[in-house]
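Structure first, commentary second.
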Amino acid sequence: MMQKLSTKLQVQLVVPGVEKLKKVTFPNVVDNPAEAEILELGEIMKNLDQEDTLLDGVIITSQSRVTKN
């Protein structure tokens, strides 16, 4: 049996002058979020950061547990 555990999103931002990506994680989001809504969240996070920050992308991670009956 497969049991859904969680879905999380990680927004990845490119901050000027910083070598590593800035990562903002949102745990326990709704299952199967729409692509447009995911990108909208990324854009919001980009706009809340410092000027000239760019959205690199958003990673979706889903966890499920599989057990034998």
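Results, tabulated for the structure shown:
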{"read-out": "From the options 24, 66, 29, residue that is surrounded by 14 or more Cβ atoms within 10 Å (Cβ to Cβ) and under 18 Å from residue 5 (Cα atoms)", "value": "29"}
{"read-out": "Residue count for the range 22-51, restricted to those that are within 27 Å of residue 64 (Cα to Cα) and assigned to a loop (DSSP other than H, G, I, E, B)", "value": "8"}
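For (1) β-branched (Val, Ile, Thr); (2) exposed (fewer than 10 other Cβ atoms within 10 Å of the Cβ); (3) at negative phi, each residue gets a yes or a no:
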| position | (1), (2), (3) |
| --- | --- |
| 11 | yes, no, yes |
| 35 | no, yes, yes |
| 43 | no, no, yes |
| 49 | no, no, yes |
| 55 | no, no, yes |
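Any read-out appearing in this document is the output of simple, stated calculations on the displayed coordinates, not a laboratory observation. None of these values were measured; they are calculated from a predicted model. Don't worry about glycine lacking a Cβ; one is built from the backbone with ideal geometry, like all the others, and counts go over all protein chains shown.
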